[in-house]
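To start, the structure under review is shown below, and the notes come after it.
The values are calculated or read from the model by the stated rules, or taken from the named source; none is laboratory data. Small disclaimer: the values here were computed from a predicted structure and weren't measured. So basically every Cβ, Gly included, is an ideal-geometry build from the backbone, and we count neighbours across all protein chains shown. Surface areas here come from the heavy atoms of the whole protein model, side chains and all, with no ligands, DNA or RNA. Shrake-Rupley method; radii C 1.70, N 1.55, O 1.52, S 1.80 Å.
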Amino acid sequence: MESVSKQGIVKGKSNSDEIDLTYVFKELKKHWRYFPVTLVTLLILAFLYFKFFLPTYEATSSVLIVESSAKDPAKSIESMLSGDLLGSTTSVPTEIGILSSKTVLQGCINELDIQVSYFNTSSFPYLPLYKKEPFKVIFDSLHSSFYNIPFTVKIIDPKHFELSVEADDNFVYDYSFSKKFEFGESIDTRYFHLQLDRNEIIPDSALVSDYEFMINSPVFQISNMLAILKVEPIDKDAEIVALTYNDNVPQRAVDVLNAIMKVYIDLDVKDKAEVASLTLKFVDQQLDTTNEELSSVELAMQDFKERHKTVDLSTEAKAILDKISIVETNRVQTEIELKSLDNLLGYITSNKDLTAMAPSSLGIPDPLLISLIENYQELQAKRKSLSYGMKNDAPSLKIIDQQIADTKASLIENIKSIQRNMTVTNQALNQQIAGFGEYIQKIPGTERELLSIQRKVEVNQNIFVYLLQKKAETSIAKATVVSDKKVLDPAMLDNYGYPVAPNKKVIIVVVFLLSLVIPSGIIFLKSVSKTTISNREEIGKLTSIPVLGIVGHLSKSDNLIVQHKPKSAIAEAFRSVRTNLQFFGSHEKKKIILITSSVGGEGKSFFSINLASVLAMQNSKVVIIGLDLRKPKIYQDFDLSNQIGISSYLIGKKSIDEVLQKTKVDNLDVITAGPIPPNPAELISKNEINILFDELSRRYDYVIVDTPPLGIVSDAFLLMNHSHINIYIVRENYSKHEFIRSLNDLYEEEKLKDICIVLNDSDFRRAYGYGYGHHYGYLNNGSGYYDNEHGKKSFFKRIFSRKGE
């Protein structure tokens, strides 16, 4: 907290550093111009963005994915042969992976024929063309270097054009091609074979002169589509998947989604039909074999009847034939089932992807076999689902791979077990057939031969009819295969058909917010991270040394401001300092006033000459001693010579009267520093300095001592032994906090006495107790000491400075 003594001198209290929000708000008010400038800049950038970036449209659609329930374990194998071997145990993550797979996207590209991109380049930005291109590009072959590079087409007239292209890469070096062609003419080079066919739907009047087309490489185009396409479930427990696709052409966005869903469903139907096709292939093979055997035995029967002129069997022979035919038919069916199991076993042991498996054996409603097959497919589907976005060595994949291997081993063992059982059954049927041999031997020879032939005919006819029935059932199932995936919502534009980007309303709101946030953030960060003194309040927080006064900013290079402009605000500030000096210190009459600072450039000499001037204006006799022997400069402001000075006196070459010089200011004399000595500290320590101060104190009312910076050399400390008042100059936005801390440490250790602070180069627009509401201050004008670069204003600070600063 600051306090004000009855004499008017401001005293401060040392506090720890903290964020001064009041100062921050003052800084925001001070730099209010930053806000409109930032707003205008961001609005211009937003306008350019709206102008030169193509709008983006978003299309959405949804697909229903039905996860079938477990099949009835007792379901007959015939239903599997009809194309539903394992049912369809789908997984939503798996289907999402399929929807966004390269296979589906490549199918979409082929479906829409969009491998070639067309652009109207007569305006900027280039406008993409879709279903409105003036020509169609047909390419037979293309070198890889010419994928994804623009071919320029300049329309000469409705029938002719000029084609240009350039390429330069590791395969084609500095290639340039340009030639005139007629639409429909073949363009053959060693790198590409193209043909541009005129789109007659586009009228000649709609043609512009400049176009481009680009043949996209499949990998590049699919990668771009994958980056844009979003496929995700609408809910974690839902079986509905939402698809989203963005494009600069609204109709193309809609068509791409519709094509993706069409290709996806067509692939599902194709996979299911493939199972039925495998079944048909197996049944056809058995039909061919059975048909050959049936034809052979029918020819044998016809030949037998022609030779023996008989067509009938006895009642006993017919009875035996009926029994044998039934057993024989069962035996043949068992053999077919064994062959089917062999096919299934071979498919399982050789095929890597078993999510759509081949048919099992015919007519085997084995619950364990069906359960193992269904479990096997579920594990395959789960593995496929997990594989999206995972590496093959992921622990979860390793676990499920082991489960698949175990289930596969169990399935193979089950099939072999069924085969062994069927082999035993087949052996029993053969024995049963052999048992009829005793009865057959009792039948006369001719009738027995006819019975054998007739038996073969009936068995093959029964098997043939059986296979024909299965073929018909499978063919019907294949023809009626439908996908259990359903398009719920065909693709349509979102956001009522308006572009989703750029969102002008959101961008404008963001612009206004950023126009507040960016300047505020910059000003706040600068405020809280600033290491220099910004105002009088900061001095009060850092030290308890009293503040003698505040001097504003000088906008012109005339350092003798008090003398030349006595009615200015700065002159008034120095009068205030003069008044406060009357109440400061223990000496009432003769006063030696020492002026110092921490580093060069803080305005020490400027303050010295103007304080001396304002004291001289009240008819006091004043002398300034330039004891900054290392870098003298006071003589410049008074247009005096520095040939002789205090250094000349201290080495004994000149007397006090000889080094005293009159100035143009009444009652004000100056002793300049004189030639720069090699040992300033030793000279100041000599006894002659005591004699000098004693003599000047008798002659003058005030002795103003201009010293070197306190933080750089020790001269000022030596001279403080002779001074009555020590004034420490702090320059606003230049002097660092650490300077005040060091000074305060010396003050609290009582190494400095009768010291006060003057804040120089202050901005009086902030409401200080010593402010007058005028625009004035201090200009360095090359007054730097040992750190001339310290405190220079940045480019942007100069840009945003107020007029006249």
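Considering each residue of the stretch 701-733, count those that are surrounded by fewer than 21 Cβ atoms within 10 Å (Cβ to Cβ) and of a type in the set (Ser, Thr, Tyr), and give that number.
1
When the stretch 640-689 is examined, which residues are found to be open to solvent by 40 Å² or more (accessible area, probe 1.4 Å), of a type in the set (S, T, N, Q), within 23 Å of residue 611 (Cα to Cα) and at pLDDT 90 or above?
The answer is 667, and nothing else.
Exactly one condition in (1) surrounded by fewer than 23 Cβ atoms within 10 Å (Cβ to Cβ); (2) farther than 18 Å from residue 729 by Cβ is not met by residue 629; state its number.
Residue 629 satisfies all of (1) surrounded by fewer than 23 Cβ atoms within 10 Å (Cβ to Cβ); (2) farther than 18 Å from residue 729 by Cβ except (1).
Would you mention how many residues in the stretch 528-564 are in contact with a helix residue (DSSP H, G or I) (Cβ under 8 Å, 6 or more places away or on another chain), part of a helix (DSSP H, G or I) and open to solvent by less than 20 Å² (accessible area, probe 1.4 Å)?
Summing the residues that are in contact with a helix residue (DSSP H, G or I) (Cβ under 8 Å, 6 or more places away or on another chain), part of a helix (DSSP H, G or I) and open to solvent by less than 20 Å² (accessible area, probe 1.4 Å) in the stretch 528-564 gives 4.
Take residues that are in contact with a Ser or Thr (Cβ under 7 Å, 6 or more places away or on another chain), at pLDDT 75 or above and open to solvent by less than 50 Å² (accessible area, probe 1.4 Å) and tell me which of the helices (runs of 4 or more DSSP H) falling wholly in the stretch 359-459 contain 2 or more.
Those helices (runs of 4 or more DSSP H) span 367-387, 395-435.
Residues that are of a type in the set (Lys, Arg) and open to solvent by 60 Å² or more (accessible area, probe 1.4 Å), at least 1 per element: which strands (runs of 3 or more DSSP E) completely within the stretch 90-188 meet that?
The qualifying strands (runs of 3 or more DSSP E) are 135-142, 150-157, 175-182.
Quickly run through the stretch 21-47 and pick out the residues that are open to solvent by less than 60 Å² (accessible area, probe 1.4 Å) and outside any helix (DSSP H, G or I).
Listed by number, the list holds a single entry, 31.
Out of the residues in the stretch 335-357 that are closer than 24 Å to residue 468 by Cβ and crowded, with 20+ Cβ neighbours inside 10 Å, which is modelled with the highest pLDDT?
Ranking the candidates gives 341 first.
Going by what's in this entry, would residue 618 be described as open to solvent by 20 Å² or more (accessible area, probe 1.4 Å) and closer than 16 Å to residue 560 by Cβ?
no
Quick one: which of 670, 599 is in contact with a His (Cβ under 9 Å, 6 or more places away or on another chain) and of a type outside the set (D, E, K, R)?
Every option except 599 fails the conditions.
When only residues in the stretch 730-779 that are acidic (Asp, Glu) and either closer than 26 Å to residue 565 by Cα or part of a strand (DSSP E or B) (or both) count, which is modelled with the lowest pLDDT?
Checked the stretch 730-779; the qualifying residue modelled with the lowest pLDDT is 763.
Hey, among 486, 567, 505, which residue is open to solvent by 60 Å² or more (accessible area, probe 1.4 Å) and in a loop (DSSP other than H, G, I, E, B)?
567
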